[in-house]
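The values are calculated or read from the model by the stated rules, or taken from the named source; none is laboratory data. What you are looking at is a predicted structure, and each value in this text was computed from that prediction instead of being measured. Backbone-built Cβ (ideal geometry, glycine too); neighbour counts: all protein chains shown. Just so you know, the surface numbers come from the protein's heavy atoms only, side chains and all, with ligands and any DNA or RNA stripped out. Shrake-Rupley method; radii C 1.70, N 1.55, O 1.52, S 1.80 Å.
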Amino acid sequence: MKHVVMGIESSCDETACALVSDTHEILSSVVWSQYDEHRRFGGVVPEIAARAHLEKCDILIQEALDKAGKTWTDLSAVAVAGGPGLIGGVLVGVMTAKAIALSHHLPFIAVNHLEGHALTARLTSPVSFPYLLLLTSGGHCQILAVEGVGKYHKLGATIDDSAGEAFDKVAKMLDIGYPGGPNLEKRAKMGNPKRFSFPIPMKGRVGCDFSFSGLKTAVRTTIEKLTQLSEQDKNDIAAAFQEAVVAQMKDRLQHAVQVFKESYPLAKDLVVAGGVAANGSVRSMLESLAKEQGFVFSAPPIGLCTDNGVMIAWAGMERFLAGHRDCLDFKARPRWPLEQL
Ligand code: KG4
Ligand code: ZN
C-alpha cells in the first residue's frame, strides 16, 4: 500500500467518510443517514440536511481515521464531493476538506459526485475503460460511455424524472414510508406484478433516453380509482411499477449496447451505479442482458450503491493517481454535468 485517500460525502442526506488504499482496500467507511431528520417531511429538506452535515462531519472524519488505524500523516490526499448536490451540504464537505488540506498540507481533490458513483465498480471488480454505464440514482438517470477518469460520453438521459425520484414519489403515494426505494422493493417482492398494467414510456423509441413521469401519473390514476388501498393493493402496485421501470431500463439499454458496440467494438463491460443499483430486480435484469449481449456485468456491492464515502475516496484515488489536483479556491457546485469534467 503506497497511498491512502480520505473521501468525504455530504451532497444529499448521507454524511459519510472513508479511507481507501491504492491497493483497492476499504480501510474504513462510516455513513450516517439522516433518515430520522427527514422522515416526517417525506423527503429531504435541504436546510435541515446542511445543518445535520455540519453537526456530524467532524465526528465521522475522526471515526473513519480511528477505524482505519491511521493518522493524518498516513494520508496522500483528501477528496470531497464538490457537487452536484444540495449546495448547503456540499459546502459543509468542501469547506471541511479544504481546512484539512490546508492544515495537514495535503493535496485537495474535488470529486464530482456522479463520477464517484461511476468509478465505484472499478474499486471492487476488474472493470477496464471504456465501459457502458447505467447511472441511476435519486437525482440522475443516464447511460454513459466511460472512456477514462474524467472522460464521459452521454448516450442518453431522462427527459423528466430520475428513476430514484419515481421510486420515491410512488412510495410516497402508496404511503409505505421513507426512504422510498428500498421500501418499495420490499413491497414489490410481496406483490403480483401482473394485476396492474402500467405503461413503459420510451419503449422502442430511437436513442437511449428515459422518461418516468407518465408511469408515475398512471400509478396515481390507479390509486385514485381504488379509493382505499389495502396492503395487498399497495404490494401489487409496487410490483407492477417496479416491473415497468425495469422493462424500460432493459429496452433503453438494448439500444445503448448497439450504439456503444459501434464506437467501442472491443469493450465488454456493463456497469451499474447509483442508489437504484441496489435494487435486486434492476441488477438481475442487467445481469441477463449482459449475458445475452456477450458483456461482463459488474455492480458495486449493495452498500456502495447508495451514497457513501468510499465512492468519493476511490474516485479521489483514481484522480490522485492520474495526477489531478484542485486548488483551494474550488467552488462548491449545485450543478456539475459529468461531460464538463
Ligand atoms: O445515489 P443515491 O444514494 O443518492 C443520489 O445521488 O441521488 O440514490 C438514492 C436513490 C433514492 O431515490 C432511493 O429511493 C433509491 O436511490 N434507491 C432505491 C433502492 N435503494 C435506494 N431504489 C430502488 N430500489 C432500491 N433498493
Ligand atoms: Zn448519489
For this session: Identify the residue in the stretch 305-333 that is under 16 Å from the mean Cα position of the chain (by Cα) and open to solvent by 20 Å² or more (accessible area, probe 1.4 Å) and, among all such residues, is farthest from Gly7 (Cα to Cα).
Result: Thr306
Exercise. When you look at Asp233, is it more than 24 Å from Arg205 (Cα to Cα) and either surrounded by 21 or more Cβ atoms within 10 Å (Cβ to Cβ) or modelled with pLDDT under 95 (or both), yes or no?
Worked result: no
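Listed here are the residues, each with its yes/no results for (1) at pLDDT 95 or above; (2) farther than 17 Å from Asn308 by Cα.
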| position | (1), (2) |
| --- | --- |
| Thr23 | yes, yes |
| Val30 | yes, no |
| Phe41 | no, yes |
| Val45 | no, yes |
| Ile48 | no, yes |
| Pro84 | yes, no |
| Ile87 | yes, yes |
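Quick check, is Val282 open to solvent by less than 10 Å² (accessible area, probe 1.4 Å) and modelled with pLDDT of 95 or more?
Against the criterion (open to solvent by less than 10 Å² (accessible area, probe 1.4 Å) and modelled with pLDDT of 95 or more), Val282 qualifies.
In the set Lys98, Lys67, Lys56, which member is surrounded by fewer than 17 Cβ atoms within 10 Å (Cβ to Cβ) and more than 14 Å from ligand 2 (Cβ to nearest atom)?
Lys67
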Exercise. Out of the residues in the stretch 199-243 that are away from ligand 1 (no atom under 16 Å from the Cβ) and of a type in the set (Asp, Glu), which is nearest to Leu132 (Cα to Cα)?
Worked result: Asp209
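Matching residues to (1) within 15 Å of ligand 1 (Cβ to nearest atom); (2) touching a His at 6+ places or on another chain (Cβ under 6 Å); (3) within 27 Å of Asn183 (Cα to Cα):
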position: His3; (1), (2), (3): no, no, no
position: Glu14; (1), (2), (3): yes, no, yes
position: Leu27; (1), (2), (3): no, no, no
position: Gly42; (1), (2), (3): yes, no, yes
position: Glu47; (1), (2), (3): no, no, yes
position: Ala50; (1), (2), (3): no, no, yes
position: Leu86; (1), (2), (3): yes, no, yes
